[in-house]
Structure formats: C-alpha cells, structure tokens
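Inspection log for the structure reproduced underneath, given as structure tokens.
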Amino acid sequence: MKTLTTDELAQELSGGDSYIRTKNNVVKGLAVTTEKNPEAPEIIVVGTGVRIIANAKLFLEQQQFVPVYVKQAVNSWRYLGNYKAERYSQDPEVIEKHRKHRPFGSIDGILFLSSSDELIVDISAPSFPDVETRKKIELAAIQYVTAHYEEMGYSITDRQKDNCGYDLLSESADETLKIEVKGTSTAEKRFFISRNERSKSADPLWRLAIVTSALNNPSLEIFNSSEMEKLFTFDALCWECTVEKT
C-alpha cells in the first residue's frame, strides 16, 4: 500500500494545505487525520471556514472518485483508496452524532463519502465450513468482540453493511477504534481479507480482531496493521484480469 511523505503528497494532490485538496476548482484528493475525523474516510466533519465549506460542496458537485490519504505519523501519509462525496448534511442531529470531541458551533455539516466498487470473490473449498456454518462463526465472533469492548466501557456501532473496511466502530471517552472481525471454527489463526479491508488497515485506528474456536471455546487476539503485516503471510488466491491497453 502506497505511503507518501508530506512533500510527495503535495505533489500527488497538486499542492494546497486543506484536507480537501483542489486545483483549478477541481478536487484532486483528500488528506485527512484521524484526530479530527475519526470516522474518515466515510464520514468527514466539515468546519465553518469559508474555504473548507466551499471545497466540501465542490467535492459533492464533482461526483468523481479521488484518492484519499490518511496521516500515519509525522511526514507519512498512506493511501486508503478512491472515494467520492455522496451527500452533505447540516441536520443538527446528524452533526451531533458525528461531531465527536469537536464543539457543535464549530461545524457546518457532515460530508458522507463512498468508496469505489470492489470485486467481491466468494472463496470455497472442501476444507472450509459450509455457508450456514460460516454465518454462525461470523455472528459468534462479532458478538464475542462486541461483548469484549462493551465490558471495557466502549460503545459499539455495527458497520458491517457499510462496506467501509471494518465491522465495528468502538468508541470510548478516550479512544476510537475501527475493528475488522475474523472468526474461525478451530484454534488456527487463518482468515481471508479483502483488498478493501487490507487497504483500510492503513488507518491508525484500524484493528484486526481474530476470534479462534468461535463456536465452542472462543479466544480473542487483537492486532494493529503493522502487527498483522508482520505476523501473517498474504497469499493471492485469485486475480482480476483485464485487457491491457496499448
């Protein structure tokens, strides 16, 4: 997954210092920090500055996918994928739901983004559980991880149907985590991860929660992106093939 320095990012997104980068009245991409936007890239909190409001509305009108980068550390920005703006809400209830630690009066609205479509591949083999059993394993794993974080005082929002690269949004007074849950029927830590999920692991708030033996003797381990990349081997099981343009 591509990582850029601040200077490289400025070149990639045609310069600028706003998190919605524009050139010649066209949005070229986003450079976001999870400190100000913990639900990014799907949800962006837009402040009251005249320029940032104009850029947000320009992005909505543009209706084009642009690259989104998230800040990993000082001078380090990681690519998350391509997104476009779907809607902009100034509803007070919507603002209250998503403003997090930011004062209500400092927010103009909430910008909702969607990612570009991803090819979904269903992988099956004789050694894999059948579809019904897989659903039971997934549900048991989700319930186990939810209970784990609720016991520690977190509130949980289910994001499984939102195609945002994680399953659960876990929030406390001090921390926000985006948790991708994987469950197995055995004690072996073996799972499948989509291109979308792996690209979203670049987010510093992202975590992988693996529940082994989910149906009978569940055990939970949690990894950040670096730990996941170091511990596991990633083998490609299929390829998308297109005709090469000449």
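The values are calculated or read from the model by the stated rules, or taken from the named source; none is laboratory data. Small disclaimer: the values here were computed from a predicted structure and weren't measured. Virtual Cβ from ideal backbone geometry, glycine too; neighbours counted across all protein chains shown.
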**OP:** Of the numbered conditions (1) surrounded by 15 or more Cβ atoms within 10 Å (Cβ to Cβ); (2) without any contact (Cβ under 8 Å) to a residue 60 or more places away in the chain, residue 211 fails exactly one; give the number of that condition.
**Re:** (2)
Original post:
Do the conditions hold for residue 147, that is, is it closer than 15 Å to residue 211 by Cβ, outside the structural domain of residue 101 (by TED's automatic domain parsing), touching a Gly at 6+ places or on another chain (Cβ under 8 Å) and not charged (D, E, K, R)?
Top reply: no
**OP:** Would you point out which residue out of 188, 171, 197 is at pLDDT 90 or above, in the same structural domain as residue 137 (by TED's automatic domain parsing), of a type in the set (D, E, K, R) and under 24 Å from residue 129 (Cα atoms)?
**Re:** 188
Original post:
For residue 61, are the conditions met, namely being touching a strand residue (DSSP E or B) at 6+ places or on another chain (Cβ under 9 Å) and at pLDDT 95 or above?
Top reply: yes
Original post:
Scanning for something in the same structural domain as residue 141 (by TED's automatic domain parsing) and at pLDDT below 90, does the stretch 200-208 turn up at least one residue?
Top reply: yes
Original post:
Do you know which of the residues in the stretch 39-88 that are among the aromatic types (Phe, Trp, Tyr) and over 22 Å from residue 195 (Cα atoms) is surrounded by the most Cβ atoms within 10 Å (Cβ to Cβ)?
Top reply: 59
**OP:** Report yes if some residue within the stretch 227-246 is touching a helix residue (DSSP H, G or I) at 6+ places or on another chain (Cβ under 7 Å) and under 21 Å from residue 115 (Cβ atoms); otherwise report no.
**Re:** no
Subject >> Residue in the stretch 234-241 that is under 22 Å from residue 131 (Cβ atoms), surrounded by fewer than 18 Cβ atoms within 10 Å (Cβ to Cβ), of a type in the set (A, V, I, L, M, F, W, C) and more than 19 Å from the chain's Cα centre (by Cα) present >> reply: yes
Subject >> Pair list, Cβ < 8 Å and 6+ apart or interchain, from the stretch 217-236 residues that are within 16 Å of residue 179 (Cβ to Cβ) to residues that are part of a helix (DSSP H, G or I) >> reply: 218/140; 218/141; 218/144; 220/144; 220/145; 220/148; 223/231
Original post:
Taking the stated definitions as given, is residue 170 within 27 Å of residue 113 (Cα to Cα) and in contact with a Phe, Trp or Tyr (Cβ under 7 Å, 6 or more places away or on another chain)?
Top reply: yes
Original post:
What residue, among those in the stretch 159-186 that are assigned to a loop (DSSP other than H, G, I, E, B) and charged (D, E, K, R), is farthest from the chain's Cα centre (by Cα)?
Top reply: 174
